[in-house]
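A.B. asks: First the structure, then my questions, so here it is.
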Amino acid sequence: MRVHPSQVVPGCIITKDILGKTNRPLITKNTVVKDIHKQVLHRFLVQQVEVAPKLSSGEPFMPEAPEEPAIESRVEKQIADPKTFMEQYLQAVKAYKKWFAEWQAGVAIPIGAVREVLVPLLDQIKKSRRNIFMLHHFSTKDDYLYHHAVSTALIAAFLGEKLGMNRGEWIQLGLAGLLSDAGMAKLSKQILLKETTLTEKEYQEVKKHPTFSYRMVENIPVLNKAAKLGILQHHERLDGSGYPLATDKKKIHMFARVIAVSDMYHAMTSERLYRSKQSPFLVLELMMKEQFGRFDHAVVQAFVKSMTNYTTGTKVKLSNEQSGEIVFVDPVHPTRPMIRIDEGADIIYLKDFNDLYISEIYD
């Protein structure tokens, strides 16, 4: 008989091999179920099991009604129902770190759990959009990979809404952003943990991760075609310099264009094992000027315009170590606003000082 794993009890006899991601069965035919087997069924997200009508004791097997899906034990609700953005953000990072370890072991992506964790966080961004420009503060060197996935998802969904996408679309975009680097789990730990610049050979291995990510999601029906293309193409560039396929810009999906900007922005503004962080203003300036032609101009402009709207009044530190407050952002020069200096109340217009820039944004 076919039952849900939650209905299986110790003493059940498996009548058909239970397969995972490899050719080797997770649990073989004729296995008598023990508690450890139930844990395997749960951890590997097995959806159905073929068992004998009688237990190993000879008694008839009378399965109870299946339990409601636990969705990863509600992501181990050791963290109480979060109320603040920061709490939800950290819960998402913790969950992603857990999933990533499972993906390294060959476990499938638990898309139900992913949605349950991410969607409320995406909705939080609508309530406090200013948090988008503080995400780089949350990331740490050691856990950069996990913070990066969650932050990329948030930035991508935020930009999707700014570009006129409806809620369903920007949720798909956020999911794609979160899972775009899932394929990094298929790389060697030596590469993932390396604290110095990658060799050319190692970099070529890293360039395979969009393909690995795509393979991990291609059979997930909850994700639409746009999301899957966004995952596959998020390192493609409009000038043909990207990877894994050096796709022609006409074939690069808008989801991929948005994730590309989100991914690059967070990567460059965060502290990493082998690279120091840069100012958000400098990064956007770089993407507008030096990287022009590689990223979608409309996406970058949407990001820059958002910064114009949400950073007035923000405390900042300048490259000359002075601190102050943004008092005006000129739409023509959005990355070089007017700053009121804390000491002396002088106002500096950064567009008039090419060698001076915002080095840090404070919450």
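The values are calculated or read from the model by the stated rules, or taken from the named source; none is laboratory data. It should be emphasised that the depicted structure is a prediction, and the values quoted were computed from it without experimental measurement. When we count neighbours, we look across all protein chains shown, and the Cβ atoms used for this are built from the backbone with ideal geometry, even at glycine.
A.B. asks: Just checking, does the stretch 247-262 include any residue being farther than 27 Å from Pro280 by Cβ, at pLDDT below 95 and either in contact with a Phe, Trp or Tyr (Cβ under 8 Å, 6 or more places away or on another chain) or not in a helix (DSSP H, G or I) (or both)?
C.D. replies: Yes.
A.B. asks: Separate question: Quick test of your reading of the structure: Leu286 fulfils all but one of (1) more than 19 Å from Phe158 (Cβ to Cβ); (2) among the aliphatic types (A, V, I, L, M); (3) under 17 Å from the mean Cα position of the chain (by Cα); (4) modelled with pLDDT under 95. Name the failing condition by number.
C.D. replies: Tallying (1) more than 19 Å from Phe158 (Cβ to Cβ); (2) among the aliphatic types (A, V, I, L, M); (3) under 17 Å from the mean Cα position of the chain (by Cα); (4) modelled with pLDDT under 95, Leu286 fails exactly one: (3).
A.B. asks: With the structure loaded, tell me whether Tyr214 is among the aromatic types (Phe, Trp, Tyr) and either within 24 Å of Ile132 (Cα to Cα) or in contact with a His (Cβ under 9 Å, 6 or more places away or on another chain) (or both) or whether it fails that test.
C.D. replies: Answer is no for this residue.
A.B. asks: Which condition breaks for Arg129 when tested against (1) within 16 Å of the chain's Cα centre (by Cα); (2) in contact (Cβ under 8 Å) with a residue 24 or more places away in the chain; (3) surrounded by fewer than 19 Cβ atoms within 10 Å (Cβ to Cβ)?
C.D. replies: Condition not satisfied by Arg129: (1).
A.B. asks: Out of the stretch 315-338, which residues are crowded, with 19+ Cβ neighbours inside 10 Å and assigned to a loop (DSSP other than H, G, I, E, B)?
C.D. replies: Val329, Pro334, Thr335, Arg336, Pro337
A.B. asks: Mind listing just one residue for me: the one in the stretch 163-190 that is over 16 Å from the mean Cα position of the chain (by Cα) and of a type in the set (A, V, I, L, M, F, W, C) and, of those, farthest from His253 (Cα to Cα)?
C.D. replies: Within the stretch 163-190, the match that is farthest from His253 (Cα to Cα) is Leu187.
A.B. asks: Considering each residue of the stretch 83-111, count those that are part of a helix (DSSP H, G or I), over 15 Å from the mean Cα position of the chain (by Cα) and touching a residue at least 60 places away in the same chain (Cβ under 8 Å), and give that number.
C.D. replies: Qualifying residue count, the stretch 83-111: 1.
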